[in-house]
1. Given a 1.4 Å probe, how much area per residue of the range 1-155 is accessible, in Å²?
2. Could you size up the charge dipole of the chain around its Cα centre, putting +1 on the beta carbon of Lys and Arg and -1 on that of Asp and Glu, and report it in debye to the nearest 20?
3. State, to one decimal in nm, how far the label point of GLU244 lies from the label point of TYR201, with both points 7 Å from Cα in the Cβ direction.
4. Show the residues, 5+ positions off or on another chain, whose built amide H is closer than 5 Å to the amide H of LYS49.
5. Heavy atoms of the protein only, probe of 1.4 Å, neighbouring chains included. What is the accessible area of LEU55 in Å², nearest 10?
6. Determine the shape class of the range 57-193: with a ≥ b ≥ c the square roots of the Cα gyration tensor eigenvalues, call it rounded for a/c under 1.5, and otherwise prolate if a/b is greater than b/c, oblate otherwise.
7. Can you give the helix-only mean residue ellipticity at 222 nm for the chain, where every DSSP H stretch with n ≥ 4 adds -39500 (n - 2.57) and the sum goes over all residues, rounded to the nearest 500 deg cm²/dmol?
8. Rounded to the nearest 10 Å², what accessible area does GLU244 show when all protein chains are kept and the probe is 1.4 Å?
Amino acid sequence: MQGRRVPLGKKVGKDLRDFGGAYLLALPVIIYYILFHYKPLLGAVIAFKDFKPRLGIWGSKWVGLKYFESFFSSFYFERLIRNTLTISLGGLLFTFPCAIIFALMINEVRSKWFKRTIQTVSYMPHFISLVVVCSMITLFVDKDGFIVQLINLLNGNVNQNLLNIPSAFVPIYILSDIWQETGWNCIIYLAALGAIDPELYEAARIDGANRWQQTLHVTLPGIARTIMLLLILRVGSLMSVGHEKIILLYNDYTMETADVISSYVYRRGLINAEYSFSTAVGLFNSVINFALVVLANFISNKTSGYGIW
C-alpha cells in the first residue's frame, strides 16, 4: 500500500526541527554567496551597455557587443591571451605536480615530529601577505639580492634586477608560486592519503612490492580521484591569473610578458573607469573558464571515469 504523501511544508518544518543547528551554521555562508557571488551577476549586463554611473545600470544605453568587438580587435588581445596562458600552463605543469610530489614525500616520513615540523614550515608561506611576498621577491632578485649574487657566483653575468628582464618574469612568478603554495596545496592530498586502507600496503608488501611499487600501484590509484577533481578545477581557471601579484611585480620593462587579462581589466576598469569595457573582458574570461571546466570534466569522465558531475 502506497503511503500518504507528506506536504512539502511539513517536510521542510520537520527538517528544520531535526537539523536546525546545521542550517544555522550554514546560514552565514549562504548569505555571503548570495550577496557577493550571485547578486553581483546582475551587474554583468553592463558589458552590453554604455554604462554611465549617473544613469545607473538600467538607465544606460544598450550597445550590444560593441565592447567585445573592441577587445577582440585590440592591439593587446593576442598579448593578453598569450601571457595568461603561458603563466597558467606553467603553473599547471610545475606548481600542480609539486603539491602531489610533496605530499607523497611527507607520507613516506615515519618520524611524526619531523613530519609535523616539515608540514608547519611548508604551510607558513601561504599565510604571508602577498604584498610582503612580492617585496621579498623584489629584494631577492635585485642586482644586490642573494639570488642574483648566487647566479653570478655560478659563473652567471647578471648586473640588473631580474624583474627588469622580460624573459625572467614567468619563471620568477612560477617559482615563487611553488614556494608559496606547495605546502598549502598538499593538505588535501595528505587527507586523501590518510584514507587509503593500510591493508592494501600490507598485501603489496606480501606480494614483494618495494616502496616505489607500492606508490605506483597503491598510493597513486588511491588518490587518483582527488587528483582528477583538482585538475579539472585547475583547468577551469586557466584563463584566471590573479591580478594582485602581477601588478605588484610587473613594470614597464616586463609589460610585454607580464600583462595578463586580469591586470588589463584592473587598469581599464578601476584606473581608467571604463566599466563597460572591463566588464566585457571579464565576462569573456569567465565564459571561457566555464567552457574549460565543462570540457575538462567531459574528458575526465570519458578517460578515467572520474568527474565533478
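The values are calculated or read from the model by the stated rules, or taken from the named source; none is laboratory data. All values derive from a computational prediction rather than experimental measurement. When we count neighbours, we look across all protein chains shown, and the Cβ atoms used for this are built from the backbone with ideal geometry, even at glycine. Accessible surface is based on the protein model in full, side chains and every heavy atom, while ligands, DNA and RNA are left aside. Shrake-Rupley method; radii C 1.70, N 1.55, O 1.52, S 1.80 Å.
1. Details: 11450 Å² over 155 residues.
About 74 Å² of surface per residue is accessible.
2. Values: 27 positive and 19 negative charges, 281 e Å.
For the chain, the charge dipole is close to 1340 debye.
3. 3.7
4. When sequence neighbours closer than 5 places are left aside, the close amide H contacts are VAL63.
5. Accessible area, nearest 10 Å²: 80 Å².
6. On the way: a/c = 2.53, a/b = 1.42, b/c = 1.79.
Oblate shape, in that a/c is at least 1.5 and b/c is the bigger or equal ratio.
7. Details: 16 runs with 187 residues, N = 309.
Theoretical 222 nm ellipticity from helices: -18500 deg cm²/dmol.
8. The value for GLU244 is about 90 Å².
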